[in-house]
Every structure is written in C-alpha cells, then in structure tokens.
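Contents: one structure, followed by commentary.
The values are calculated or read from the model by the stated rules, or taken from the named source; none is laboratory data. Because the structure is a prediction, the values reported are computed rather than measured. So basically every Cβ, Gly included, is an ideal-geometry build from the backbone, and we count neighbours across all protein chains shown. The accessibility values were calculated without ligands, DNA or RNA, using every heavy atom of the protein model including side chains. Shrake-Rupley method; radii C 1.70, N 1.55, O 1.52, S 1.80 Å.
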Amino acid sequence: MTRATTPGSGWAALGATVLLWASFALSSRAIGDSSLTAYDAALLRFGVPLLVLAPLLPRTVRALARERASTVVLLLAGGLPHYLLFALGADLTSAGLTGLLVPGTVPLFVTLLLLGSRRVPARGWAALGAIVAGVAASATGVGDGAGLPGIAVLLLAGAVWAVYTLGLQRTALRPLELVVVVCAGSAVGGLLLVLAGPAPSHLLVGSVRLTDLLGFVLLQGIGTGLLSTLCYAHAVRTLGGGTAAVGGALSPVATAVLAVPLFGEAVGPGLASALVLVVAGVVGFHAPPRPRGRPDQQVLLAGSPANRASVQASRSVTNGESSATTDRWSRPA
C-alpha cells in the first residue's frame, strides 16, 4: 500500500479520523447528561481497548520491564489523569471549546516544557502566538456556557497531555504496547478509585441506561480507543505525516459545527475567532519547513531533527491515537 496507488483511501481514513476525534470531544461533553459518571466513561474508554488487545499483555509486560519508571509515569499521565480533566472541562464549558483548547494548546505547552533545550524558528513562535491569541479570544469572547473555570481545566488537560508527549519521546514501546500500557494503568486506576469509594459509579451498580452504555462503548472504547488509531495510521502511511497532522487540525472545526445541532451551541464571533486563530496556529506549527537548496539537500532536511519534532508520527494515543507514524504533538484523547 503506497501513497501513489491509494491516496483516496488515505483521505477517507483522514476524514474518518477527524470525525472520530470530534466524536470524542462531543461524547465527553455529553457525559453530564447521561446515566454514566466520568469514572464510568473512563472505565469504558480504557477497558474496551484493553480487552481487545489483551493477547498483547505478555509481550507488553516484557517490554515494560525495559522502560525507566519515570518514563512510565509520564506515559500514564496521558491516560486517566488527562481523561478526567478533559471530561471535567467538557462539563464546565462548551463542546466547541473542549474540542479546540486541549489539542490546540499542546504544541504551546510542549514548547514551554522544552524551552532552552530545543530551538523554535520564528515561524514556530508566530504560530504559537496565534494559539495564545486564540486562547485569549476563547476566554473573553465566547460568553455564557464557557466560563473561565472550564477553560482553565481544559488548559490544564492540554498541559498534562504535553507531559505525556515528553514520555512518548523517551519510550521504546511499540505503538500497540503503548496503548496496552496506558489503557491497563488507566483501567486499573479507575477501578481502584471506584471500589475504594471516593469515585462515584453507576456502571458497577447496574443503574446505567443500555443506550448510554452502548454509545460510549462504540464512540469512546472502539471509536477513540481503536478505530481512530488505525485510521490515522493509514492516513499517515498514505498521505504523509505532515498532511495528516495538518488535516487532523480540522477536528476542532468539526466539533464546533456538530455541537450546533447536538447541543444547541452557537458558533458566535468569539468561538469563531478562537477557532480561526488556534487552528491556524496548529497548522502553521506543524507545517513542514519550506525546502531550500538542491533536491538531495531537501531530502536531508526532511529528516532533520527540527522537522521531525514538528511532524513526529509516532506512538500517540488520541484523544486516543497510537501509531508508529502518529503526530506526537497533535491529538489528545
């Protein structure tokens, strides 16, 4: 399967990925109106992929023994901690902002965490400035239903995903092994919280509506946890990492548009401005550098550390993606 022979399937996979990522933000926004608690939704989000990938557990345990404990801690931050912050932010604000602020601010937080150890070109700083301006627009111009507490929680969720991203850069785990580690740690952690008492659960006492259960199993467990992983991996293989990463930046737009009929949210001037600024910033940040010099020099440039840093397609779980070719700085889940 090559780019030259199957570009159509790559674009179809990328389109499916955008919709699956949007469905994660939208379904997270719907937790408060369902019969599930946030902890129930987390158990489904991480438990379903873990059950499907259970045959990989022995191999993953062996691989995990070779990882540093600090790296594992960073990786686990992208599981249950990030999910609960994401769900809380979604409950406190709008679906449009939920789908925008977390993935949109990850490049900013990663850059801040690596400040002093990695050079950012002028174009990169301009892109990050657009993201900051978009966050400011969301905080001042969106209005009711998107208050500052919710925005603050979503920004914290973006920062936690950036911490997870640093773990991705250090780990030697294969993509599916990474999914198993994050899902296993998150499912076990969530279950312990529920059984110990501090975390409420309707799922374990059997008071969950069947429609809610099936919906979250399909949208988050299978859709986010598995299908988005496979679709994005195929898109990267057929279209290239840069195209897939930039195309994936459209998911906040899809989220905001779909939230109109689903939740009655309006795309007003404030949210529209935030969308334009943040999406433009993400696209500008991930866009590959303009090639210079002879063709042989351009090939070398495409493999340079600076370019790989912005279009690293590797081992991302988004808000649930994982692939040997997934952009590390793009999509949380």
Filter segment 42-74 down to the residues that are among the basic types (Lys, Arg) and open to solvent by 20 Å² or more (accessible area, probe 1.4 Å) and list them by number.
59, 62, 66, 68
Leading residue by the ranking (surrounded by the fewest Cβ atoms within 10 Å (Cβ to Cβ)) among those in segment 254-284 that are outside any helix (DSSP H, G or I) and small (Gly, Ala, Ser):
264
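Out of all the residues in segment 78-91, which are closer than 18 Å to residue 159 by Cα and part of a helix (DSSP H, G or I)?
Filtering segment 78-91 down to residues closer than 18 Å to residue 159 by Cα leaves 78-90.
The answer is 80, 81, 82, 83, 84, 85, 86, 87, 88, 89, 90.
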Could you please find all residues in segment 115-141 being in contact (Cβ under 8 Å) with a residue 40 or more places away in the chain, open to solvent by less than 70 Å² (accessible area, probe 1.4 Å) and not in a helix (DSSP H, G or I)?
121
Here is a list: 111, 98, 93. Which entry is surrounded by 20 or more Cβ atoms within 10 Å (Cβ to Cβ), free of Cβ contacts under 8 Å to residues at least 60 places away in the same chain and on the phi < 0 side of the Ramachandran plot?
111
Return a yes/no flag: does segment 56-77 have any residue that is farther than 30 Å from residue 271 by Cα, of a type in the set (D, E, K, R) and part of a helix (DSSP H, G or I).
yes
Filter segment 92-104 down to the residues that are farther than 23 Å from residue 247 by Cα and in a helix (DSSP H, G or I) and list them by number.
92
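Yes/no per residue for (1) touching a His at 6+ places or on another chain (Cβ under 7 Å); (2) touching a residue at least 12 places away in the same chain (Cβ under 8 Å):
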| residue | (1), (2) |
| --- | --- |
| 196 | no, no |
| 235 | no, yes |
| 245 | yes, yes |
| 252 | no, yes |
| 267 | no, yes |
The lone exception for residue 258 - which of (1) touching a Ser or Thr at 6+ places or on another chain (Cβ under 7 Å); (2) under 20 Å from residue 19 (Cβ atoms) it fails
(1)
Does segment 203-214 contain at least one residue that is in a helix (DSSP H, G or I), crowded, with 22+ Cβ neighbours inside 10 Å and either at pLDDT 85 or above or small (Gly, Ala, Ser) (or both)?
no
Return yes when residue 217 is out of contact with any helix residue (DSSP H, G or I) (no Cβ under 7 Å at 6 or more places or on another chain) and open to solvent by 30 Å² or more (accessible area, probe 1.4 Å) and no when it is not.
no
